[in-house]
């Protein structure tokens, strides 16, 4: 646990002193505000269902870029080898990295809570549905960050890691759309699509099965990343 906290603390500090964090944060908050304003303007209702769904789709690009430097940067600069000479396991290293970027994302997501607060002041929103949507955004983001973690552990190039992360996240997000083309595999495609499970949250449906799906997804991503990191230690 001490090693995880050491990696976590170091990464958190590096995020908050990096210009990339503030650039991405500004873009994220600007676009989420835009989605919220557009829905309120056209619907004239105190709802956020479409806003939450759009924010989820935008998170594919945003979170993949935020992940790109986690491991790739240290492998390209050579500091990865130095860190691995310390008494730290590959799992501790990966978990520390993942938790840091998850906390950064959660902090940005928390800033958008001002939108439902405004709805409460000027209207009568269904807070159960909105909070369910936010839980969905947190779990969806955690799943996408898991794919970004795999991408940054595969390549030394941050650009390649970002492109790979976006590609994997986009495929995972739209895979259920393929069910309209491949009817024979419709059940399987919907079963592995993160969109299928995320959509329930946006409608106010919190199912333990959906939560478990995201948790298993996250654990699997961490395990895969750990295997990649472990393999580098032996090269």
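The values are calculated or read from the model by the stated rules, or taken from the named source; none is laboratory data. Computed from a predicted model, the values in this text were never measured in an experiment. Here Cβ is always computed from backbone atoms with ideal geometry, including for glycine, and neighbour counts include all displayed protein chains.
For the criterion of being surrounded by fewer than 20 Cβ atoms within 10 Å (Cβ to Cβ), without any contact (Cβ under 8 Å) to a residue 60 or more places away in the chain and more than 27 Å from residue 196 (Cα to Cα), residue 20 passes. Given the structure, is residue 40 at pLDDT below 85, surrounded by 14 or more Cβ atoms within 10 Å (Cβ to Cβ) and farther than 21 Å from residue 198 by Cα? Here the answer is yes, as residue 40 does meet what is asked. Among the residues making up the range 43-59, those that are under 11 Å from the mean Cα position of the chain (by Cα) and farther than 13 Å from residue 24 by Cα are 56, 57. Close Cβ contacts (under 6 Å, 6 or more residues apart or on different chains) running from residues in the range 60-77 that are over 14 Å from residue 101 (Cβ atoms) to residues that are at pLDDT below 85 and buried (at least 20 other Cβ atoms within 10 Å of the Cβ) comprise 60/173.
Kindly evaluate residue 35 against the criterion of being over 23 Å from the mean Cα position of the chain (by Cα) and more than 16 Å from residue 141 (Cα to Cα). The answer is no for residue 35.
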